[in-house]
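**Q** Sharing a structure below in structure tokens format, with a few things to ask.
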Amino acid sequence: MVPFSALAGAGEEDDPSVDPDRFLGADSAEPGAWASPPRAWPEDRVLQRETLGVIQMAIEDLPDAQREVIRLRDIEGWTPMEVAEALEITDGNQRVLLHRARSKVRAALERYMDPDIAEGAA
């Protein structure tokens, strides 16, 4: 038996959660501030079946450890401590995995909701 904590980095890239091009550079008046902030999504569109399918596909595409943590936290409603104990990982590792998972799901939603972002990232 291998704990999830041993798998957390296996096969995962160390890419940033959000594309660095979305932030202002060091030479700007506000280094690190959003250059292209996230936009609000219309609630009725987010709740559509097609959009929920995008979310589900994004979760399915996550690495195993991230998928399990986001499923337990955001779908099943477990507490951070319950997830850490069940998966035999530290609370910090649980938070990192959840952050990475949510960032990837958010990026998939941004590409779906605003095709201009997908084009700009390409």
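The values are calculated or read from the model by the stated rules, or taken from the named source; none is laboratory data. Values in this document were obtained by computation on a predicted structure and should not be read as measured data. All Cβ positions, even for glycine, are placed from backbone atoms using ideal geometry, and neighbour counts span all protein chains on display.
**Q** Does region 50-90 hold any residues that are on the phi > 0 side of the Ramachandran plot and out of contact with any Ser or Thr (no Cβ under 8 Å at 6 or more places or on another chain), and which are they? Lay out the reasoning, then the answer.
**A** Step one: filter region 50-90 for residues on the phi > 0 side of the Ramachandran plot, giving 77, 88.
Residue satisfying the conditions is G77 alone.
**Q** Within region 47-83, how many residues turn out to be within 16 Å of A108 (Cβ to Cβ), assigned to a helix (DSSP H, G or I) and in contact (Cβ under 8 Å) with a residue 40 or more places away in the chain?
**A** Within region 47-83, residues that are within 16 Å of A108 (Cβ to Cβ), assigned to a helix (DSSP H, G or I) and in contact (Cβ under 8 Å) with a residue 40 or more places away in the chain number 7.
**Q** Something else about it: Looking at (1) in contact (Cβ under 8 Å) with a residue 12 or more places away in the chain; (2) outside any helix (DSSP H, G or I); (3) more than 17 Å from the chain's Cα centre (by Cα), find the lone condition where A86 falls short.
**A** Of the numbered conditions (1) in contact (Cβ under 8 Å) with a residue 12 or more places away in the chain; (2) outside any helix (DSSP H, G or I); (3) more than 17 Å from the chain's Cα centre (by Cα), the odd one out for A86 is (2).
**Q** Something else about it: Of the residues that make up region 111-122, is at least one surrounded by 14 or more Cβ atoms within 10 Å (Cβ to Cβ), modelled with pLDDT under 95 and either touching a Gly at 6+ places or on another chain (Cβ under 7 Å) or not in a helix (DSSP H, G or I) (or both)?
**A** There is at least one residue in region 111-122 that is surrounded by 14 or more Cβ atoms within 10 Å (Cβ to Cβ), modelled with pLDDT under 95 and either touching a Gly at 6+ places or on another chain (Cβ under 7 Å) or not in a helix (DSSP H, G or I) (or both).
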